[in-house]
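Here is the structure we will look at, set down as C-alpha cells.
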Amino acid sequence: MESGLPTNRNEGHGVPKDGSWFSQFRNVSNPWMARYVYAVIFLASNLLAWAVRDYGHNVFPEMEKLKNCRGGRGCLGAEGVLRVSLGCFAFFFVMFLSTARTPRMYICRDSWHSGWWSAKIALWIALTMIAFLVPTFIVQLYGEIAHFGAGVFLLVQLVSVISFITWLNDCCQSDMISEKCRMHVVSLATAAYVICIVGIIMMYIWYAPEPSCLRNIFFITWTLVLIQLMISVALHPKVNAGILTPGLMGLYVVFICWCAIRSEPAGENCIRKAEESNRTDWLTIISFVIALLAIVIATFSTGIDSQCFQLQFRKKEEPAEDAVPYGYGFFHFVFATGAMYFAMLLIGWNTHHTIKKWTIDVGWTSTWVRIVNEWLAVCVYLWMLLAPVIRLRFRQTSEAA
C-alpha cells in the first residue's frame, strides 16, 4: 500500500533517511510535502486547458470524434477549457468533501490527504476524461457557476493578502522587535510609496497618452484617490495603523489596476503598442507563462492560509500537539475555486469568447472584474481598520447607557 496509518508519530510525518522528495511522497504521509503534489496536479490542469484551447485541433484530433464534441466545437476552444476545469474542480471538490474538518493527524483522513497518490492521480485523470463525455448543457451550466466560484476565489485571496499585510505590520509593531524593525519598516514603507507613485506615473504615460483616454484616466486617478484614502484612515489618531500597511496595500491596488488595464482588448488607442501585429513574440509567451505560474502560486499560498479566516470568528486557541498543520478542507476548497478561476482567465470571463493564442485574462469583462476587485480590496482593508474602532465606540456607548 502506498500509504496507511503510521504506527508512530515519527514514522508518520518524519523525514526518510535518504531525505528524497520521492520517498516522502511514496512512503510516508507528509502534509507539508503533499501541498506540492496538489500544486503540480493543478498546474497540469492549467497546461491541459491551455493546450485544448490553443492547439486542441492539432494535439487532440481524436476529440473531434466524440459525440459530445460536435466535430471539436464542444470539446475544444472555450468549451474545452471549461471541461478541463470541470474535471479539476470535481477532483478537488471530492478531496474537499473527504478531508473537511479533519481534526488531527495520524487518522485515516489525514493519510488520505497526504498519501495514496496513485489512486488520487487516477481519480483526477478519470474525472477529467469524464468531463469530456458530459452533455454540453452541463458544461455551459458549469461555466455560469464558475463565474461565481472564481469570484469567491478572488475574495478569499483578497482576505488572505490583507491578513498577511496586517500580520506583518503587527509583528513589526510588537514590543519585542519594534525598536529593531523601526528603520526596516520606514525603509520598506518609503519604498512602497515610491513604487506606487512611479507606477501611477508610468500607467499615465503608457495607458493614458491622450486626453481622450477617459476610461483609463479614471481608473488610474481613482486608484490614486483610494491610496490617499487608505493612508488617511490608517494614520488617523483613532486608528493608528502605522505607515506600512497602507503602503503595501497601495502596491497591491496599483498592481491590480495595472492588470485591469492590461486586460483591455488589443486595438485600443489608449494602450500603446496595441496596434502592433498579431504575431506571437517571445515577450507574449513569457508574459503568459508568468501569468500561469502566478495562478498556481496564488492558489497554493492562499490554500494554506485557513487561519486568517478562522481567527475572524473564533477566539485564538493554542493548537493541539497533533493538530493538522493547515486546514485540509479549506486547502482543497481554494483549489476547487481556483479551477473555476483559471477557466475564467483562459476564456476572458466569457464562455462564448474567442481569445488569442498565448494570451490570458483579456477582454472587457476581465478588465471590470479586476477593477471591481481593486475597489473591493480597499473596502475590505478599510473595514479591517475601522471595525475595532467601531466596536470600541459601540461598547462605550452601551456601557454609558
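For the reader, a short list of remarks on this structure follows.
- Residue within region 112-121 that is without any contact (Cβ under 8 Å) to a residue 12 or more places away in the chain and under 16 Å from Ala39 (Cα atoms) present: no
- Only listed residue being among the small types (Gly, Ala, Ser) and not in a helix (DSSP H, G or I), chosen from Gly250, Gly242: Gly242
- Options Ala260, Ala298: the member that is in a helix (DSSP H, G or I), touching a Lys or Arg at 6+ places or on another chain (Cβ under 8 Å), crowded, with 16+ Cβ neighbours inside 10 Å and at pLDDT 70 or above: Ala260
- Qualifying residue in region 168-180 (condition: surrounded by 12 or more Cβ atoms within 10 Å (Cβ to Cβ), touching a residue at least 60 places away in the same chain (Cβ under 8 Å) and not in a helix (DSSP H, G or I)): no
- Scanning region 362-401 for residues that are basic (Lys, Arg) and either surrounded by 11 or more Cβ atoms within 10 Å (Cβ to Cβ) or under 14 Å from Leu226 (Cβ atoms) (or both) gives Arg370, Arg393.
- When each of Ile121, Ile130, Ile125 is tested for being modelled with pLDDT of 90 or more, surrounded by 15 or more Cβ atoms within 10 Å (Cβ to Cβ) and of a type outside the set (Ser, Thr, Tyr), the lone residue that passes is Ile121.
- Candidate set from region 95-115 (those that are of a type in the set (A, V, I, L, M) and modelled with pLDDT of 80 or more); member that is surrounded by the fewest Cβ atoms within 10 Å (Cβ to Cβ): Leu97
- Residue in region 326-333 that is more than 20 Å from Leu82 (Cβ to Cβ), at pLDDT 70 or above and either part of a loop (DSSP other than H, G, I, E, B) or over 20 Å from the mean Cα position of the chain (by Cα) (or both) present: yes
- Candidates Leu345, Leu376, filtered to the one that is more than 30 Å from Leu244 (Cβ to Cβ), under 19 Å from the mean Cα position of the chain (by Cα) and in a helix (DSSP H, G or I): Leu345
- Unique residue being more than 25 Å from the chain's Cα centre (by Cα) and more than 23 Å from Thr365 (Cα to Cα) when the list is Phe164, Phe132, Phe92: Phe132
- Matching residues in region 209-231 - criterion: being of a type outside the set (D, E, K, R) and more than 21 Å from Asn373 (Cα to Cα): Pro209, Pro211, Ser212, Cys213
- Scan of region 203-223 for residues that are more than 20 Å from Phe255 (Cβ to Cβ) and either β-branched (Val, Ile, Thr) or touching a residue at least 60 places away in the same chain (Cβ under 8 Å) (or both), ordered by number: Pro209, Glu210
- Checking each residue in region 197-228 for being part of a loop (DSSP other than H, G, I, E, B) and exposed (fewer than 14 other Cβ atoms within 10 Å of the Cβ) picks out Glu210, Pro211, Ser212.
- Count of residues meeting criterion [surrounded by fewer than 20 Cβ atoms within 10 Å (Cβ to Cβ) and at pLDDT 75 or above] in region 51-74: 2
- Cross-chain or 6+ apart pairs with Cβ under 9 Å, region 346-361 first and surrounded by fewer than 19 Cβ atoms within 10 Å (Cβ to Cβ), then among the basic types (Lys, Arg) and at pLDDT 75 or above: Lys357/Arg53
The values are calculated or read from the model by the stated rules, or taken from the named source; none is laboratory data. Please read these numbers as outputs of a predicted model, since none were measured by experiment. Ideal geometry is used to build each Cβ from the backbone, glycine not excepted, and the neighbour counts take in all protein chains shown.
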